[in-house]
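Following: one structure in structure tokens, then a few remarks.
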Amino acid sequence: MSNDIKDIEERVKKIIVDMLGVQPEDVVPEASFVDDLGADSLDTVELVMALEEEFETDIPDEEAEKINTVKAAIDYITEHQN
Amino acid sequence: MKLDFTNKVVLVTGASRGIGKAIALAFKDLGAKVYGTATSQSGADGITEYLQGQGKGFVMNSLDSKTVEECYNAVVADAGTCPDVLVNNAGITRDTLFMRMKDEDFMAVMQCNLLACVQLCKLCVSPMMKKRAGRIINISSIVGQDGNAGQTNYAAAKAGLIGFSKSLAKEVGSRGITVNCVAPGFVATDMTAALNEEQLKAWTNTIPLKRAATPEDIANSVVFLASDMASYITGSTIDVNGGLHCN
């Protein structure tokens, strides 16, 4: 795994920990924001907004709807950096 | 608790005259930095003038969604932040009996009185969510609650604002944003000046408080809803109608 991907992972995880107030060890790739990390629908919207800000990107609504897990968030950002 | 809006940024649409001007002036007097919109450059200049350095007027045509976004961006650029308080006040009428109402008259009123407000709410809500604070006040109307012959378009838009505000209030309440409406009754403005004296008298006679509202009567309730005093009020509509319609 390259350093870039490692870096993205760390930043995404930090956002999730900060936004949802969860423990870092709970932020595992397969964790679902709503089912496992206690997010409500508004939290998931805010999470996407925070990702957009952190990575200076615009995530279209139809893509945002699919970002439901930690892995989905990391994958989306990894694929769309540069 | 004091009414004080020092360091607060307030955006009022339709602020060149009538209710919107009274609202903008009320916030100015309470220390806010006020941005007002008008449909023409001369209207915007007039706003800048009466704000006396405590804000600025911008051109926005609610019938054109592009200018709504441009205006919002210009306000944010000038203020350096998104508005703390959004007052959707701009409104138009295209009155006629429903049987004679053209589709474009119906849609113009919906666009200006409902959809442009919705658009501004959308632009303001994300930054307000980030700030965990925000006040949205939508100016509805007694006509949206009671109906009025000749104003099916206006009533639909103004009733729409109330339902919209209630729903948005429930969505964003947990993020410290309140969304409320003010529903004026009969207010003495340019919009109602079209009536002749006889019609005016007939109207005021039906009002329990026996007078039309002044624009300041409406502004008072808007300022209250935007203040810390109203921090537990959301999803509600304040009727300012002299008793003409009681919910």
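The values are calculated or read from the model by the stated rules, or taken from the named source; none is laboratory data. Note that this is a predicted model, so its numbers are computed, not measured. Using ideal geometry, Cβ is built from the backbone for each residue, glycine included, and neighbour counts are taken over all protein chains shown.
Tabulated results
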| read-out | value |
| --- | --- |
| Meets criteria (surrounded by 14 or more Cβ atoms within 10 Å (Cβ to Cβ), without any contact (Cβ under 8 Å) to a residue 60 or more places away in the chain and over 11 Å from the mean Cα position of the chain (by Cα)) for A:Asp61 | no |
| The stretch B:157-185, residues that are free of Cβ contacts under 8 Å to residues at least 40 places away in the same chain and on the phi > 0 side of the Ramachandran plot | none |
| Residue within the stretch B:163-177 that is surrounded by fewer than 16 Cβ atoms within 10 Å (Cβ to Cβ) and aliphatic (A, V, I, L, M) present | no |
| Selection within the stretch A:6-31 - touching a Ser or Thr at 6+ places or on another chain (Cβ under 7 Å) and surrounded by 14 or more Cβ atoms within 10 Å (Cβ to Cβ) | A:Ile8, A:Ala31 |
| Matching helices (runs of 4 or more DSSP H) fully within the stretch B:112-217 where at least 2 residues are under 20 Å from B:Pro83 (Cα atoms) and at pLDDT 95 or above | B:116-131, B:152-172 |
| Wholly enclosed helices (runs of 4 or more DSSP H) of chain A bearing at least 2 residues more than 14 Å from chain B (Cβ to nearest Cβ) | A:3-20, A:61-64, A:70-80 |
| Residue in the stretch B:147-156 that is buried (at least 18 other Cβ atoms within 10 Å of the Cβ), within 26 Å of B:Tyr35 (Cα to Cα) and either within 14 Å of another protein chain (Cβ to nearest Cβ) or free of Cβ contacts under 8 Å to residues at least 60 places away in the same chain (or both) present | no |
